[in-house]
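The values are calculated or read from the model by the stated rules, or taken from the named source; none is laboratory data. From a predicted model like this one, the values you see are computed outputs, not experimental measurements. Note that each Cβ is placed from the backbone with ideal geometry, even for glycine, and that neighbours are counted across all protein chains shown.
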Amino acid sequence: MSQRSVAEALARKLPAMPFVAGHWQSHSSAQPFDVVDPVTEQTLTAVVEADAAMVDRAVESGHDALDGEWGRMDGATRGELLHTFARLLEERAEDFANVESLDVGKPGFEPRVIDLPQAVATFRHYAGWADKLTGQTIPTSGYMGRSTLSYTVRQPIGVVAAITPWNSPTMIGAWKIAPALAAGCAVVLKPPEDAPLTSLMLAELAEQAGFPAGVLNVLPGRGVTTGNLLINHAGVDKISFTGSPETGQIVATAAAKGFRPTTLELGGKSPQIVFADAGLTAAADGVAAGVFANQGEVCAAGSRILVARDIYDDFVDLLAERAAKVVLGDPFDEGTTMGALINARQRDRVAHYVERGREEGARVVAGGSRPDRAGFFVEPTLFADASNTMTIAREEIFGPVGTIIPFDDDEQAIAIANDSDYALAATLWTTDLSRAHTLARRVDAGAVAVNGWSPLDPRLPWGGWKLSGHGRELGLAGLEADTELKTITIVL
Ligand code: ADP
């Protein structure tokens, strides 16, 4: 059996339905939805959509878990359950990688090298935090002449609605589930309708790991139906969302009713700045990976490539060579380095931006067309001689399209980098230490890396500002974001 057939068989065998209060729900008043393979354009499976009653039940069961055994469980025991979950995920990593490739259309090495190891590491990292959430003892000036014992404790924020995007649903799901469970919260996960399959597998693992019913509920469904019901549910205490700024705004508006906190990660138009003193071959490899990895469907994609004028022509050639070497194809074919985009809408959106780039006068130095084959493919594309005012430099394309802009000096590089509606990530390519440290502080981005990409590591906080959203996931910041801080004072 080919690996593709193995993956297709796995997808057909999955419980394609909501997982609520520890049970799989096969009956819904909502219409099921089809999950389409982006490479063959064929339906992989039909999934039962979570209806209003299931959303209610999921949120309620989250509260039941918090009021029951889960709420009383000590951190060390929660940590053990998270370790068990991590082990089970590691054991099934190959199945997850196959299904993620099939569902998202990404080449097999990506989930094997990035998504799955990162997801496992995230569960392990937060398993270790579950018994280390401490407060502070704080001296005061006393109360009416008496001294006090004042201290803070961190409590779980409650039921967390986690809404994930289709580009890396397992890894981003882990980013939201693991810290919330470590903090003692319950989670209602709404996976993306375009790629929900591995999230259903996460529900299977939660059941196997032995989490009490209601601790992790998974509600497959469309954004406008299930997602909308979830974000407007009064029983949801916090919303953690990764997706587009447009949907992020809908989420923030819904959360404002009741002043429920949100963590919003909404993408970017991240600059990669290549200085004349950079090691050019390594920089070209890194820049190409930064713009083309995962078909460019990455919130942190380094899609604005700013290059020092002294090296501009040479560097454009180096990048164009790398784009030409990309092998588009079936993620299950040996040698494929770029798969298909998620759906026809996304392919057409990318094609529209490529057209705009041409109309606005940028020069295509690689790609620029749509391959003549089935599947939602577009060629990796690079525009040179672009300006930062062009649409292709301002708007997030979420596809394999890079816009190369020249600059004359450091001041201009920073001015161009920061002239953006987004502030998520940035990379600097330079061998000058002083320049690296000085400019890393000046560039508007939640994560800056020098001479490489910021490693996706659960220990490092992740998130941005401006249209890129607010709040941080991962690291201690991501854990604290799933807690409420309470101050307790005893008058002695
Ligand atoms: P895209 O348009 O690229 O699919 P979105 O930001 O719309 O990106 O999707 C990210 C996630 O948000 C998905 O899980 C999607 O189902 C969900 N979503 C979309 N619209 C809404 C909405 N109105 N309310 C809640 N969730 C939504």
Item checked: Every residue from segment 169-203 that is under 23 Å from SER101 (Cβ atoms), more than 12 Å from the ligand (Cβ to nearest atom) and out of contact with any strand residue (DSSP E or B) (no Cβ under 7 Å at 6 or more places or on another chain) -> THR170, MET171, ALA174, ALA178, THR198, MET201
Notebook entry, point to check: Looking only at segment 221-244, which residues are farther than 25 Å from ASP67 by Cα and either more than 8 Å from the ligand (Cβ to nearest atom) or modelled with pLDDT under 95 (or both)?
Noted result: THR225
Next item on the list: May I ask you to say which residue of GLY463, GLY478, GLY399 is in contact with an Asp or Glu (Cβ under 8 Å, 6 or more places away or on another chain) and not assigned by TED's automatic domain parsing to the domain that holds VAL316?
Entry: GLY463
Check: Just for segment 464-473: of the residues that are buried (at least 19 other Cβ atoms within 10 Å of the Cβ) and under 15 Å from ILE239 (Cα atoms), which one is nearest to the chain's Cα centre (by Cα)?
Finding: GLU473
Margin query: Just to be sure I understand the filter: pairs with C-beta atoms under 9 Å, separated by 6 or more residues or on different chains, first member in segment 418-442 and over 19 Å from THR281 (Cα atoms) and not assigned by TED's automatic domain parsing to the domain that holds ALA283, second member surrounded by fewer than 22 Cβ atoms within 10 Å (Cβ to Cβ) and modelled with pLDDT of 95 or more. Which pairs pass?
Written below: none
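Okay, residues lined up against (1) assigned to a helix (DSSP H, G or I); (2) in contact with a strand residue (DSSP E or B) (Cβ under 8 Å, 6 or more places away or on another chain); (3) assigned by TED's automatic domain parsing to the domain that holds PRO196; (4) surrounded by 17 or more Cβ atoms within 10 Å (Cβ to Cβ):
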position: ALA76; (1), (2), (3), (4): yes, no, yes, no
position: LEU82; (1), (2), (3), (4): yes, no, yes, yes
position: ALA86; (1), (2), (3), (4): yes, no, yes, yes
position: ASN98; (1), (2), (3), (4): yes, no, yes, yes
position: PRO107; (1), (2), (3), (4): no, yes, yes, yes
Next item on the list: For SER150, indicate whether it is within 16 Å of the ligand (Cβ to nearest atom) and of a type in the set (S, T, N, Q).
Entry: no
Notebook entry, point to check: Can you find a residue in segment 292-314 that is in contact with a His (Cβ under 7 Å, 6 or more places away or on another chain) and within 16 Å of the ligand (Cβ to nearest atom)?
Noted result: no
